[in-house]
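The values are calculated or read from the model by the stated rules, or taken from the named source; none is laboratory data. Keep in mind it's a predicted model, so treat the numbers as computed, not measured. FYI the Cβ positions are ideal-geometry reconstructions off the backbone, even for glycines, and counts take in every protein chain you see.
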């Protein structure tokens, strides 16, 4: 006998209020995870450009001091 998700879904659909809350919770968790992934991608992109900018500024200030 399969256990887990089918029984849980059957229980949730028997009560419309519980089913609605479960659906909204799943959607909310999906949105939160998606936003977290997008933020992580943006942080990695900006980290790359900031590191390149920092290396360039160190190079320029070092060459100006010589």
Long-range neighbours under 9 Å by Cβ, at least six apart or interchain, first residue on the phi < 0 side of the Ramachandran plot within segment 23-42, second surrounded by 10 or more Cβ atoms within 10 Å (Cβ to Cβ): 23/12
Here is a check on your reading of the model: is residue 2 part of a loop (DSSP other than H, G, I, E, B) and at pLDDT below 60? yes
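Would you point out which residue out of 30, 18 is at pLDDT 75 or above and surrounded by 10 or more Cβ atoms within 10 Å (Cβ to Cβ)?
On the way: 18 fails: at pLDDT 75 or above.
Step by step, each of 30, 18 is checked, and only 30 is at pLDDT 75 or above and surrounded by 10 or more Cβ atoms within 10 Å (Cβ to Cβ).
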